[in-house]
Amino acid sequence: MASSFTTILLVRHGNTATTGTVLPGRAPGLHLSETGKGQAEAVATRISELGHKPAAIYVSPLERARETAAPIAKALKIRPIIERGLLECDFGTWTGKKLAVLRVKKEWRAVQNAPSTFRFPEGESFTEMQLRMWTTLERLAKKHRGKTIVVVSHADPIKAAVTYAQGVPLDLFQRTVISTCSVSAIAFSETTPIVLTVNNTGSLKNLAPS
């Protein structure tokens, strides 16, 4: 009997040379570090140990996401599909800036404490990012009804999706941590979404709606 849930495994890309120090955004040319490559191999192993094989892998177009998806795709023998709806937030003129510089800006308080009110200069608002990410996940869930799929994206879009599914206001979404190559999972049904795990870096063998 087919499952009534569509489970989406949300994987943040692996570590890069600038993780935690720079706001890379959508700038091209940023690749996984050696640590990140190891993380990607490890998350591929964890996902391959699920009790069932995911039906598809969707990935943000950015290099660091595609490089994270590659070992997962190899382990599952599935070709990854590029999905622009999974892109990192468009940080506009803040793209590529050092976090140490951004944290002293007066606007940083809004980014952390009132993100629903903030739009990145010449970029995207957090509200737009959350809507883009959530509608993409809903579309993919309907396409793969009753299956499990893997989605490789970025910290803020994943954080925004997880907190939306939990009913957490956007202004509180910064209280959630999404680590590199962590797995968060949302089960979609005809009624309400169910968050199965957040920022998981351990075994996924028992991951299922109850």
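The values are calculated or read from the model by the stated rules, or taken from the named source; none is laboratory data. In this text the structure is predicted, and so the values were computed from the model without any measurement. Every residue, glycine among them, receives a Cβ derived from its backbone with ideal geometry; neighbour counts consider all protein chains shown.
Here are the numbers for this structure:
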read-out: Matching entry among E34, E67, E49, E83 (being closer than 15 Å to V150 by Cα, acidic (D, E) and surrounded by fewer than 17 Cβ atoms within 10 Å (Cβ to Cβ)); value: E49
read-out: Among (1) touching a strand residue (DSSP E or B) at 6+ places or on another chain (Cβ under 6 Å); (2) surrounded by fewer than 16 Cβ atoms within 10 Å (Cβ to Cβ) - the single one V183 does not satisfy; value: (2)
read-out: Residue check, I72 part of a loop (DSSP other than H, G, I, E, B), surrounded by 15 or more Cβ atoms within 10 Å (Cβ to Cβ) and not acidic (D, E); value: no
read-out: Residue within region 172-194 that is assigned to a helix (DSSP H, G or I), hydrophobic (A, V, I, L, M, F, W, C) and modelled with pLDDT of 95 or more present; value: yes
read-out: Failed item, numbered, when V195 is tested on (1) farther than 23 Å from G96 by Cα; (2) β-branched (V, I, T); (3) buried (at least 22 other Cβ atoms within 10 Å of the Cβ); value: (3)
read-out: In region 149-177, residue surrounded by the most Cβ atoms within 10 Å (Cβ to Cβ) [restricted to those that are under 17 Å from G85 (Cβ atoms) and touching a Ser or Thr at 6+ places or on another chain (Cβ under 7 Å)]; value: V152
read-out: Region 24-63: number of residues that are within 23 Å of L140 (Cα to Cα), touching a strand residue (DSSP E or B) at 6+ places or on another chain (Cβ under 9 Å) and assigned to a helix (DSSP H, G or I); value: 5
read-out: Qualifying residue in region 119-137 (condition: loosely packed, with under 14 Cβ neighbours inside 10 Å, part of a loop (DSSP other than H, G, I, E, B), at pLDDT 95 or above and touching a helix residue (DSSP H, G or I) at 6+ places or on another chain (Cβ under 7 Å)); value: yes
read-out: Long-range neighbours under 9 Å by Cβ, at least six apart or interchain, first residue at positive phi and assigned to a helix (DSSP H, G or I) within region 154-167, second crowded, with 20+ Cβ neighbours inside 10 Å and of a type in the set (S, T, Y); value: none
